[in-house]
Amino acid sequence: MRALVLKEYGCLEIQEVPTPELADDEVLVRVQVCGICGSDVHGMDGSTGRRIPPIIMGHEAAGIVDGVGARVSGLAVGDRVTFDSTIYCGRCRFCLRGRVNLCENRRVLGVSCGEYRRYGAFAEWVAVPAHIVYPIPQSVTFEQAALIEPLSVAVHAVERVRPRIGDLAVVVGGGMIGQLVAQTVRAAGCDSVVVIEPDEYRRELARRLGASSALHPGEASPGKLAEVCGRPLADVVFDAVGTAESLALALSLLEKGGSCGLIGNLAPEVPLPLQAVVTREYSLYGSCASQADYPRCLHLLAEKTICVDPLVSRIAPLEEGPLWFDVLYHHRQPMMKVLLTPN
Ligand SMILES: [Zn+2]
Ligand SMILES: [Zn+2]
């Protein structure tokens with residue numbers, strides 16, 4: 001089959017590779033679309049240590065079941081499906097408590113690190129364990145379904161923070177996850193949602209998708225917040241960037257007793273305003289990937305509560321993968337999600 005292979009750091013190539021062998025508990029999916037994730041773009045230069053070549057990346061995908069392992073039930077050839085990126089064991093103490101994203105035997109599709117190598121979906125076919133595969137409703141397109149993986153990340157982060165109806169929410173970062181968090185907190189009942197993002201294209205997108213306001217980080221302050229939504233400080237804030245600056249900004253806009261969701265982690269370490277966190281009783285919630293929230297995310301899409309279509313900037317054949325990775329890596333154009341179509 002044809003696959004987009006990270007041959008060496010920084011070098012992607014279309015190659016002919018063997019079609020994946022199917023284990024008893026797996027299904028073979030003929031990939032219709034696979035999104036390029038920021039973690040693929042950042043990872044391909046070796047900086048994260050999670051894309052050790054050679055690797056077929058890609059974990060945001062949807063397709064058609066084309067083969068079913070001997071021990072699989074409930075899925076059949078021809079089913080339209082999407083799948084989680086996290087392969088969890090279902091047996092460890094974290095899985096047994098429902099915290100499958102913290103699984104002790106966790107593997108991620110399209111990732112190769114010191115411990116394992118698991119081929120992803122930038123290929124004609126991918127083999128996926130059946131327990132992370134979900135049928136998609138007719139009303140949801142393959143393109144929309146490929147965005148469920150990032151949506152599930154946003155849904156999990158909002159679940160961690162648990163905003164209340166009528167809350168004022170601030171989201172720092174208007175990338176893919178920030179945009180989806182903004183829509184999800186709105187759906188969770190937050191009255192006002194303010195997105196903070198330096199790029200005008202992304203600020204405009206946030207407004208279009210329902211944010212009450214979108215501000216440049218340079219103008220974001222309690223005074224400005226009061227001006228645009230009547231209150232100087234937010235009940236909940238989310239950092240969808242993960243740098244010293246983004247966290248400092250998020251916490252500077254948080255009301256006493258407020259909660260902060262931490263999703264981005266571009267910097268491995270950042271200074272923490274300890275005194276403010278202690279005396280203002282902030283709650284900080286780390287949030288990683290998702291906890292098998294796919295059925296709920298599919299529902300949000302099917303009901304059109306969350307709108308993902310404007311977040312797709314480009315749909316291109318798999319062969320153009322090296323080109324689009326290059327565009328995204330060097331920020332050559334203002335873009336959100338690029339989807340590749342292997343079939
Ligand atoms: Zn991703
Ligand atoms: Zn586990």
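Would you check which residues across the range 90-111 are more than 11 Å from ligand 2 (Cβ to nearest atom) and either assigned to a loop (DSSP other than H, G, I, E, B) or not assigned by TED's automatic domain parsing to the domain that holds residue 9 (or both) and list them? Give the steps one after another, and end with the answer.
Filtering the range 90-111 down to residues more than 11 Å from ligand 2 (Cβ to nearest atom) leaves 108-111.
109, 110, listed by residue number.
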Among the residues listed as 136, 56, 87, 148, the single one being surrounded by 17 or more Cβ atoms within 10 Å (Cβ to Cβ), touching a residue at least 24 places away in the same chain (Cβ under 8 Å), within 16 Å of ligand 2 (Cβ to nearest atom) and not aromatic (Phe, Trp, Tyr): 87
Selection status of residue 154, assigned to a helix (DSSP H, G or I) and either over 20 Å from the mean Cα position of the chain (by Cα) or more than 16 Å from ligand 2 (Cβ to nearest atom) (or both): yes
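What do you reckon, is residue 114 more than 16 Å from ligand 2 (Cβ to nearest atom), at pLDDT below 95 and not charged (D, E, K, R)? Let's see the steps before the verdict.
On the way: more than 16 Å from ligand 2 (Cβ to nearest atom): yes; at pLDDT below 95: yes; not charged (D, E, K, R): yes.
Considered against the rule, which asks whether it is more than 16 Å from ligand 2 (Cβ to nearest atom), at pLDDT below 95 and not charged (D, E, K, R), residue 114 comes out as yes.
I'd like the residue in the range 59-80 that is aliphatic (A, V, I, L, M) and buried (at least 21 other Cβ atoms within 10 Å of the Cβ) and, out of all such residues, is nearest to ligand 2 (Cβ to nearest atom). Reasoning before the result, please.
From the range 59-80, those aliphatic (A, V, I, L, M) are 61-62, 64-65, 68, 70, 72, 75-77; that's our starting set.
Adding the requirement that they be buried (at least 21 other Cβ atoms within 10 Å of the Cβ) leaves 61-62, 65.
Working: 61: 22, 62: 25, 65: 25 Å.
The extreme case among them is 61.
Please enumerate the residues belonging to the range 249-271 that are over 23 Å from the mean Cα position of the chain (by Cα) and of a type in the set (A, V, I, L, M). First the steps, then the outcome.
Keep residues of the range 249-271 that are over 23 Å from the mean Cα position of the chain (by Cα), which gives 252-258, 271.
The answer is 253, 254.
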Residues that are closer than 18 Å to residue 57 by Cβ and either modelled with pLDDT under 95 or small (Gly, Ala, Ser) (or both), drawn from the range 118-146: 120, 121, 123, 127, 146
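So, residue 28, is that one touching a Phe, Trp or Tyr at 6+ places or on another chain (Cβ under 6 Å) and in contact (Cβ under 8 Å) with a residue 24 or more places away in the chain or not? Can you show your working first?
Working: touching a Phe, Trp or Tyr at 6+ places or on another chain (Cβ under 6 Å): yes; in contact (Cβ under 8 Å) with a residue 24 or more places away in the chain: yes.
Yes; evaluated as a whole, the condition is true for this residue.
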Unique match (being on the phi > 0 side of the Ramachandran plot and in contact with a Pro (Cβ under 9 Å, 6 or more places away or on another chain)) among 46, 90, 110: 46
Count of residues meeting criterion [touching an Asp or Glu at 6+ places or on another chain (Cβ under 8 Å) and either of a type in the set (Ser, Thr, Tyr) or within 16 Å of ligand 1 (Cβ to nearest atom) (or both)] in the range 83-102: 2
Evaluation of residue 156 against (1) within 18 Å of residue 60 (Cβ to Cβ); (2) assigned by TED's automatic domain parsing to the domain that holds residue 27; (3) out of contact with any strand residue (DSSP E or B) (no Cβ under 7 Å at 6 or more places or on another chain) (one fails), failing number: (2)
Residue list for the range 103-124, filter: more than 16 Å from ligand 1 (Cβ to nearest atom) and surrounded by fewer than 22 Cβ atoms within 10 Å (Cβ to Cβ): 103, 104, 105, 114, 115, 116, 117, 124
In the range 90-102, the residues that are of a type in the set (Val, Ile, Thr) and surrounded by fewer than 21 Cβ atoms within 10 Å (Cβ to Cβ): none
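The values are calculated or read from the model by the stated rules, or taken from the named source; none is laboratory data. The structure presented is a predicted model; accordingly, all values stated were derived computationally and were not measured. Positions of Cβ are generated from backbone atoms using ideal geometry, with glycine treated the same way; all protein chains shown enter the neighbour counts.
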